[in-house]
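**Student:** Provided herewith is a single structure, encoded as structure tokens, for subsequent inquiry.
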Amino acid sequence: MAPIAVGDKIPDGTLAYFDAENQLQQVSVHYLAAGKKLIIFGVPGAFTPTCSTKHVPGFIEHAEALKAKGVDDILLLSVNDPFVMREWTKTFPDNKHVKFLADGAASYTHALGLELDLSEKGLGTRSRRFALLVDDLKVKVANVESGGEFTVSSAEEILKAL
């Protein structure tokens with residue numbers, strides 16, 4: 001399957017997260033995205049170095065600027081279970097706007113065509129690093145990284161595109 005691209009409609013799928021009352025929730029991507037302008041950014045894994053020190057902090061730091069440019073929501077997608085994602089969220093106490101969503105079986109990542117096989121590194125199927133700007137389910141910007149790079153999927157690059 002070809003990776004999601006500009007002009008495509010994002011697929012629907014179900015992701016998981018823990019709400020403010022620490023209850024496990026399942027949510028439809030289309031429910032989150034319909035009628036909204038949002039960013040979906042994906043990382044190879046929770047607690048990994050680049051994800052934890054650069055990618056996620058950048059979106060947290062620039063969340064207000066992104067919202068000022070019309071972004072309704074910022075969704076973080078990782079191929080981890082919701083329990084790992086809940087614990088990872090706790091490492092970002094200043095986060096007010098980034099929603100951490102678990103794609104435990106990588107089914108949504110596969111639907112996007114953005115899976116990455118890291119089996120030889122002992123990590124199994126993960127997500128490629130990416131950032132999508134989506135407006136009412138339609139992809140307006142698709143910044144997808146090659147290999148282990150972190151050059152085009154940052155919050156700063158999305159801000160430039162807005």
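**Student:** How many percent of the alpha carbon pairs in the chain exceed a separation of 25 Å?
**Tutor:** 21
**Student:** Something else: As a check on your grasp of the helix formula, calculate [θ] at 222 nm for the chain: sum -39500 (n - 2.57) over DSSP H runs of n ≥ 4, divide by the residue count, round to the nearest 500.
**Tutor:** -5500 deg cm²/dmol
**Student:** Tell me which aspartates and glutamates have Cα within less than 15 Å of Lys121's Cα, excluding those fewer than 8 residues away on the same chain?
**Tutor:** Straight-line reach from Lys121, under 15 Å: no aspartates and glutamates qualify.
**Student:** Okay, moving on. Please compute the contact order of the chain in relative form: average sequence separation of alpha-carbon pairs under 8 Å and at least six residues apart, divided by the residue count, as a percent.
**Tutor:** 31
**Student:** Further question on the same structure: I need the phi-derived Karplus couplings for the range 26-32: 6.51 cos²θ - 1.76 cosθ + 1.60, θ = phi - 60°, integer Hz, Gly and Pro marked x.
**Tutor:** Listing the rounded values in order: 10, 9, 7, 4, 5, 4, 6 Hz.
**Student:** Sequence neighbours fewer than 8 away in the same chain don't count; with that in mind, list the aspartates and glutamates whose C-alpha is under 17 Å from Lys138.
**Tutor:** Asp8, Asp12, Asp72, Asp73
**Student:** Counting other beta carbons within 10 Å of each residue's own, what order do His97, His62 fall into, fewest first?
**Tutor:** Ascending number of Cβ neighbours within 10 Å: His97, His62.
**Student:** Rank the residues Ser28, Ser127, Ser154, Ser146 as a footprinting-exposure proxy: fewest other Cβ atoms within 10 Å of their Cβ go first.
**Tutor:** Ser146, Ser28, Ser154, Ser127
**Student:** Out of the GluC sites (Glu not before Pro) in the range 1-65, which ones are loop residues according to DSSP with at most 14 other C-beta atoms within 10 Å?
**Tutor:** Glu21
**Student:** Could you list the GluC sites (Glu not before Pro) in the range 72-162 that lie in coil according to DSSP, counting only those with at most 14 other Cβ atoms within 10 Å of their Cβ?
**Tutor:** When the GluC sites (Glu not before Pro) of the range 72-162 are filtered for loop state and at most 14 Cβ neighbours within 10 Å, Glu149 remain.
**Student:** Right, next: Show me the chymotrypsin sites (Phe, Trp or Tyr not before Pro) within the range 87-162 that DSSP assigns to loop and that have at most 15 other Cβ atoms within 10 Å of their Cβ.
**Tutor:** Here the chymotrypsin sites (Phe, Trp or Tyr not before Pro) that fit, given the DSSP loop and packing criteria, are Phe150.
**Student:** Test of understanding: ordering Asp103, Asp135, Asp117 by Cβ neighbours within 10 Å, fewest first, what list do you get?
**Tutor:** Least crowded to most crowded, the residues run Asp117, Asp135, Asp103.
Taken together, the values in this text are just the output of simple stated rules run on the coordinates, not laboratory data. Source: prediction; values computed, not measured. All Cβ positions, even for glycine, are placed from backbone atoms using ideal geometry, and neighbour counts span all protein chains on display.
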